[in-house]
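J.: Mind having a look at this structure? Questions to follow.
The values are calculated or read from the model by the stated rules, or taken from the named source; none is laboratory data. Nothing here was measured: the structure is a model prediction, and the numbers come from that model. Don't worry about glycine lacking a Cβ; one is built from the backbone with ideal geometry, like all the others, and counts go over all protein chains shown. Just so you know, the surface numbers come from the protein's heavy atoms only, side chains and all, with ligands and any DNA or RNA stripped out. Shrake-Rupley method; radii C 1.70, N 1.55, O 1.52, S 1.80 Å.
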Amino acid sequence: MIRKLLFIFCFSCFAMVFSQEKSVNRLVASQNPYNSITNISFNSTNKQQVNISVKNVLGKNVFSKKIVAHKGKNTIHFNRNNLKSGIYIYAIQTNNEIISKRFVIK
């Protein structure tokens, strides 16, 4: 009986941890692939500080910026500047989570 109760308790704790609603979602870069400028957009469920970063395929951080995201859709204009053509990973990081995707610079 104690084992069953312990199992139910542990299962419900794990279910609560994994079922928490994400505070950032719908991360997308459009134009992708792109030549000079792309728009990175995401939805935020509340006003919060986020860190936007871009890394090359070797993991080197080539861009980082902290912004205050407002509830709803947020858009950041990302300029290629002197980055070479290739695949890059862009990410949004909050206090609780990191969401990342990739884009291609032509």
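J.: In the stretch 54-68, is there at least one residue being open to solvent by 20 Å² or more (accessible area, probe 1.4 Å) and in contact (Cβ under 8 Å) with a residue 40 or more places away in the chain?
T.: No, because not a single residue in the stretch 54-68 is open to solvent by 20 Å² or more (accessible area, probe 1.4 Å) and in contact (Cβ under 8 Å) with a residue 40 or more places away in the chain.
J.: Working carefully through the options Ser53, Ser19, Ser12, Ser23, find the one that is in contact with a Ser or Thr (Cβ under 6 Å, 6 or more places away or on another chain) and modelled with pLDDT under 95.
T.: Ser23
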